[in-house]
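The values are calculated or read from the model by the stated rules, or taken from the named source; none is laboratory data. As the structure is a computational prediction, the values presented were derived from the model and not from experiment. Glycine also receives a Cβ, built like all others from the backbone with ideal geometry; neighbour counts cover every protein chain displayed.
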Amino acid sequence: MSKVNVVLGTFFGDEGKGKIIDYLSTNADVSVRCSGGNNAGHTIKVDGKKFAFHLIPSGILSRNTKAIIGNGVVIDPKVLIEEINNLHENGYSTDNLFISNKAHIIMPYHIVMDKLLEEIRGNNKIGTTARGIGPAYCDKYERSGIRVEDFVSPRFSELAKTNIENKNKILQAFGYEPLDANSIINEYEGYAKILAPYVKDTINIIHQSLEDGKNILCEGAQATLLDIDFGTYPFVTSSNPSIGGVCTGTGVGARDIGEVYGVLKAYSSKVGAGPFITEQDNEIGDTIRELGHEYGTTTKRPRRCGWLDLVALKYSARINGLTGLAINHLDTIGKLDKIKLCVAYNHKGKVSMDYSTNTTYISNCEPIYEEFDGNFGDLSGIQNRNDLPKNAQIYLNRIEEVVKVPIKFIGTGADRNDLIVC
């Protein structure tokens, strides 16, 4: 039997997972998305054109790869159909797309509820993307969600009507206009007809592929520090984008996991509120943001930027059992004259390598930095790590020394070919 290789984000998302996934998926027979919704996105540049995927695994760009949306994903049908149509318009087939019958559907009331809940929080907003992801997961665990298998069945209208009536009671209590059940049901029944041919029992497809020795890639969405259990709660997403979500979101077992690649940038970035100990809310952070074009794929919001935090990276390596690192934007950070790495925390006068999502602990920590020379120069065209400028090699070596996980991939630019495979 073969193994499932996994690509995960190690920080707050937006690390450039798409580039690594794109490279690995060229040899993948099956590419799987296991968690999250259209609050996340991978951007891949192919032949000068950018593709932004929010639900479909980006492995679909490899025409011989089966692209699976796993049971752990929550699906906005309108967004998914838009992605399918965009692929068709650019000459790509979606005959190789499969949607788990156990995935859950995001309905219009989830989006309205998302906005309402964020409004109620007032000054304590989480920074949700307001795309209905959290409320959809709430309904999933409250057992009133609509699975894909119900969405494409005659049961859908009955389930949707009951849910809309119940949500309207909440919305009206807060002064919101009630939703029109009939118009929503009619609209979404149309979406269901379009998506029905793609719906399969994907667990069987994945396990048959394992038994047949196929090359399987699971592409994570978002990242470890946004994990509902292991992230900086409550400033997190509503699912498990860490290694655990791979198993629960696809149906594979622990013994089926092979390589686990953790993707990061050569600096740190974050969208939304919450602790960010190495943030540079100053000219340096602004410079990194502009050099790295740090604006969200999904939200277009400017990202908070700062130095790379190796304490947090080591935590992520432990949580996920990382077997290799994939570091992007080496060219970006290399444009600075001086670069800093956070190699430890000063917690009340004591040096610590322990990361914690406890806000009280983090608020009492100061980052301990080591400074490095930048000015890496032009990295385009470099295919071997040993050919990198000396300053770049010193920087990368120090990351490996502290985290104790080897670097397997190095991103040196925006194009899909700007990648050093170690």
Practice item. Give 164, 194, 184 a once-over and let me know the one that is surrounded by fewer than 19 Cβ atoms within 10 Å (Cβ to Cβ), within 26 Å of residue 115 (Cβ to Cβ) and not basic (Lys, Arg). Key: 184
Point to revise | Matching option when the condition is within 19 Å of residue 288 (Cβ to Cβ) and modelled with pLDDT of 95 or more, among 399, 368 | key: 399
Exercise for review: May I ask you to list the residues in the range 301-327 that are touching a residue at least 40 places away in the same chain (Cβ under 8 Å), assigned to a loop (DSSP other than H, G, I, E, B) and not hydrophobic (A, V, I, L, M, F, W, C)?
Suggested key: 303, 321, 323
Point to revise | Residue that is surrounded by fewer than 17 Cβ atoms within 10 Å (Cβ to Cβ) and either over 24 Å from residue 300 (Cα atoms) or not hydrophobic (A, V, I, L, M, F, W, C) (or both), where the choices are 77, 154 | key: 154
**Study point:** Only one of 96, 163, 123 that is in contact (Cβ under 8 Å) with a residue 40 or more places away in the chain and not β-branched (Val, Ile, Thr)
**Key:** 163
Check your understanding: Does the range 142-151 hold any residues that are acidic (Asp, Glu) and exposed (fewer than 13 other Cβ atoms within 10 Å of the Cβ), and which are they?
Key -> 142
Review point. How many residues, within the range 333-358, are over 28 Å from residue 292 (Cα atoms) and not hydrophobic (A, V, I, L, M, F, W, C)?
Key: 8
Check your understanding: Taking the range 7-31, which residues are among the aliphatic types (A, V, I, L, M), touching an Asp or Glu at 6+ places or on another chain (Cβ under 7 Å) and at pLDDT 90 or above?
Key -> 7
Review point. If a residue has to be touching a helix residue (DSSP H, G or I) at 6+ places or on another chain (Cβ under 7 Å) and either touching a residue at least 40 places away in the same chain (Cβ under 8 Å) or not aliphatic (A, V, I, L, M) (or both) to count, how many in the range 389-420 make the cut?
Key: 14
**Study point:** Single residue of 114, 139 found to be surrounded by 17 or more Cβ atoms within 10 Å (Cβ to Cβ), free of Cβ contacts under 8 Å to residues at least 40 places away in the same chain and either in contact with a helix residue (DSSP H, G or I) (Cβ under 6 Å, 6 or more places away or on another chain) or part of a strand (DSSP E or B) (or both)
**Key:** 114
Check your understanding: So how many residues does the range 390-422 have that are among the polar types (S, T, N, Q), surrounded by fewer than 20 Cβ atoms within 10 Å (Cβ to Cβ) and either closer than 17 Å to residue 317 by Cα or within 24 Å of the chain's Cα centre (by Cα) (or both)?
Key -> 2
Point to revise | Residue match in the range 100-110 (condition: over 29 Å from residue 180 (Cβ atoms) and under 21 Å from the mean Cα position of the chain (by Cα)) | key: yes
Practice item. State which residue pairs qualify: first residue touching a residue at least 40 places away in the same chain (Cβ under 8 Å) and inside the range 181-208, second residue of a type outside the set (S, T, N, Q) and assigned to a helix (DSSP H, G or I) in any location, beta carbons under 6 Å apart, and separation of 6 or more residues or different chains. Key: 184/108; 191/77; 192/151; 194/81; 199/148
Point to revise | Matching residues, the range 252-271, being among the small types (Gly, Ala, Ser), part of a loop (DSSP other than H, G, I, E, B) and crowded, with 22+ Cβ neighbours inside 10 Å | key: 266
Point to revise | Scope the range 328-367; condition out of contact with any helix residue (DSSP H, G or I) (no Cβ under 7 Å at 6 or more places or on another chain), surrounded by 18 or more Cβ atoms within 10 Å (Cβ to Cβ) and assigned to a strand (DSSP E or B); matching residues | key: 340, 365, 367
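Is there a residue in the range 25-42 that is in contact (Cβ under 8 Å) with a residue 60 or more places away in the chain and in a helix (DSSP H, G or I)? Even if it seems obvious, please write down each step before you answer.
Step one: of the range 25-42, the residues in contact (Cβ under 8 Å) with a residue 60 or more places away in the chain are 25, 27-42.
Then drop every residue that is not in a helix (DSSP H, G or I), which leaves 25.
Looking through the range 25-42, at least one residue is in contact (Cβ under 8 Å) with a residue 60 or more places away in the chain and in a helix (DSSP H, G or I).
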Point to revise | Inter-residue pairs, beta-carbon under 6 Å, first under 26 Å from residue 420 (Cα atoms) and in the range 245-268, second surrounded by fewer than 21 Cβ atoms within 10 Å (Cβ to Cβ) and charged (D, E, K, R), 6+ apart | key: 258/3
